[in-house]
Amino acid sequence: MADLSPLLKRLMDLESDVAYRRAAAPGEESWRYIPGRVTVLLSAPHAAAHCRNGRLKEEDEYTAALARFVGEQTGAHVLYARRRLDHDPNYDRHSPYKEHLREIIRSAGIRFILDLHGASDRHDFGIELGTMRGQSCEGQLELILAALAEQGFTPDGKGLGRLELNGRFTGGGGVRQETITRYVWETLKTPAVQMELNSRSRVVYRAPQKPGGTPYCGDAQWIERTALAITGVVRALAG
Ligand SMILES: [Zn+2]
């Protein structure tokens, strides 16, 4: 891994705080809040494994690292899961993660939430935005699209450069699912967007599943673009 850029090395470093499958030991935080100095908050509720309807779901790798990296660059607040959760903050209505988020929004005067998630590399987009079909960030969408386009993510882009809008992940959830985006927008009246990131433009390094297997490494250039694109979005929103 000697040829990694400083940005990718930093992402690996930041990601190492997360133990994907381990429950918090006594005294350990299951999720962590890093205060910022602008009115935008980056959330990564699936950064570690979590339980939905009693079933363990895999972590959205590198969403913690990306949230923290962008926080360092922009002064955004960051909230991210760092140990296995016994619930799903992006599904369950009653969630201590959501309660913490609500407290932070109130006490820090947060005006926009960017909720980061991971999509598998079977999807034909680099980034998908879930805006509840435009409702959850009507006033900010143009700024967000312009910032993403600066790093090469556009609706008519090809491969990882393609930006999907409200395709499979609308951010709205459904009757049984209360997403972070829906909760923040409908209950807290704060604009929000759900951002799904393709694993090829997100995962710097994933250890082999079995001994002797091959590690998974995303596309270095597109991972950097993702980090810079989210940085640009936060700067535009905070500006
Ligand atoms: Zn997720």
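Would you mind stating whether residue 193 is in contact with a strand residue (DSSP E or B) (Cβ under 7 Å, 6 or more places away or on another chain) and of a type in the set (A, V, I, L, M)?
Working: in contact with a strand residue (DSSP E or B) (Cβ under 7 Å, 6 or more places away or on another chain): yes; of a type in the set (A, V, I, L, M): yes.
When the stated conditions are applied, residue 193 passes them.
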- Query: When the residues of the range 118-130 are filtered to those that are under 22 Å from residue 150 (Cβ atoms) and within 14 Å of the chain's Cα centre (by Cα), which remaining residue is surrounded by the most Cβ atoms within 10 Å (Cβ to Cβ)?
  - Reply: 126
- the range 1-22 - residue that is farther than 26 Å from residue 194 by Cβ and small (Gly, Ala, Ser) and, of those, nearest to the chain's Cα centre (by Cα): 5
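Being within 16 Å of the ligand (Cβ to nearest atom), touching a residue at least 12 places away in the same chain (Cβ under 8 Å) and basic (Lys, Arg) narrows it down to one of 225, 202, 235, so name that one. Working first, answer last.
On the way: 225 fails: within 16 Å of the ligand (Cβ to nearest atom); 235 fails: within 16 Å of the ligand (Cβ to nearest atom).
202 is the lone residue from the list that is within 16 Å of the ligand (Cβ to nearest atom), touching a residue at least 12 places away in the same chain (Cβ under 8 Å) and basic (Lys, Arg).
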- Note on the structure: Note on residue 55: of the conditions (1) more than 16 Å from the ligand (Cβ to nearest atom); (2) free of Cβ contacts under 8 Å to residues at least 24 places away in the same chain; (3) not acidic (Asp, Glu), unmet is (1)
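For residue 101, are the conditions met, namely being in a strand (DSSP E or B), modelled with pLDDT of 95 or more, of a type outside the set (Gly, Ala, Ser) and within 16 Å of the ligand (Cβ to nearest atom)? It would help to see each step written out before you state the result.
Numbers: in a strand (DSSP E or B): no; modelled with pLDDT of 95 or more: yes; of a type outside the set (Gly, Ala, Ser): yes; within 16 Å of the ligand (Cβ to nearest atom): yes.
Taking the combined requirement at face value, the residue does not satisfy it.
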- Note on the structure: If we ask which residues in the range 169-206 are more than 15 Å from residue 88 (Cα to Cα), surrounded by 24 or more Cβ atoms within 10 Å (Cβ to Cβ) and among the hydroxyl-bearing types (Ser, Thr, Tyr), their number turns out to be 1
- Item | Meets criteria (under 15 Å from residue 204 (Cβ atoms) and either hydroxyl-bearing (Ser, Thr, Tyr) or assigned to a loop (DSSP other than H, G, I, E, B) (or both)) for residue 3 | yes
- Task: Kindly establish whether residue 48 is within 13 Å of the ligand (Cβ to nearest atom) and in a loop (DSSP other than H, G, I, E, B).
- Result: yes
- Note on the structure: Selection from the range 104-143 of residues in a helix (DSSP H, G or I), of a type in the set (Lys, Arg) and at pLDDT below 95 yields none
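For every residue, the table says whether it meets (1) in contact with a helix residue (DSSP H, G or I) (Cβ under 9 Å, 6 or more places away or on another chain); (2) farther than 25 Å from residue 222 by Cα; (3) surrounded by fewer than 15 Cβ atoms within 10 Å (Cβ to Cβ); (4) without any contact (Cβ under 8 Å) to a residue 12 or more places away in the chain.
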position	(1), (2), (3), (4)
62	yes, no, no, no
86	no, yes, yes, no
94	no, yes, yes, yes
98	yes, yes, no, no
111	yes, yes, no, no
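The values are calculated or read from the model by the stated rules, or taken from the named source; none is laboratory data. In this text, all values refer to a predicted model and were calculated from it rather than measured experimentally. Glycine gets a Cβ as well: all are built from the backbone with ideal geometry, and neighbour counts include every protein chain shown.
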